[in-house]
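Below you'll find the structure, written out as structure tokens, and then a few comments.
All of the numbers you see were taken from the coordinates with simple rules; none came from a lab. Worth saying up front: this structure is predicted, and the values here are computed from it rather than measured.
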């Protein structure tokens with residue numbers, strides 16, 4: 001089970017904000033673009049942050065959460081205002097991939113994470129998305145399953161910087177100096193690649209079963 005299974009609760013929580021945007025005449029694509037811009041700012045803050053300026057992690061985490069919220073709202077607003085379109089759907093998915101990669105790049109080339117671990121996290125993230133959409137392309141249906149979906153990844157990426165700053169403020173909690181940002185990116189690298197394999201295997205089994213005489 002992933003956080004995608006809780007999508008209904010999130011949609012209910014965002015309903016007042018979606019209604020507000022609809023009343024203001026805001027176009028869904030505006031939220032899509034704004035969400036990406038805010039996420040890029042978050043990625044930049046993660047990149048420049050250091051243990052001496054750990055507060056940048058907090059700001060980046062807040063911006064990442066805001067960008068994720070706007071990303072969740074664009075589709076809801078499109079459906080609520082009858083403005084859903086292939087272009088909007090394409091922008092939403094394309095910008096999601098840009099956002100995923102840019103945030104992880106911000107961490108990858110920061111002082112917090114070894115480059116090779118960050119790159120593995122990016123590979124796992126892209127493969128996870130590809131396996132899900134490719135399953136849809138061959139008629140199996142979009143696959144959101146596996147160990148870690150996008151919502152889970154965003155949750156980890158938002159929470160880890162906050163936890164790291166809290167740990168620096170109270171180092172006695174974990175006296176052996178654990179880097180929680182490193183742990184989070186390493187987990188995304190492991191879980192992301194496992195998820196890609198899970199989605200590949202699920203689609204392969206279904207397609208192989210369909211080909212049996």
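Here are the numbers for this structure:
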{"read-out": "Mean Cα-pair separation over length for the range 3-211, i.e. relative contact order, pairs under 8 Å, 6 or more apart, %", "value": "24 percent"}
{"read-out": "Mean-position separation - Cα centroids, the range 1-55 and the range 134-153, in angstrom", "value": "21 Å"}
{"read-out": "Listed residues 97, 12, 150, most fluctuating in the chain (Gaussian network, C-alpha, under 10 Å)", "value": "12"}
{"read-out": "Compactness of the chain, expressed as Rg and Dmax over alpha-carbon positions, Å", "value": "18.4, 65"}
{"read-out": "Within a Gaussian network of the chain (alpha carbon springs, distance under 10 Å), most fluctuating of 71, 100, 89", "value": "89"}
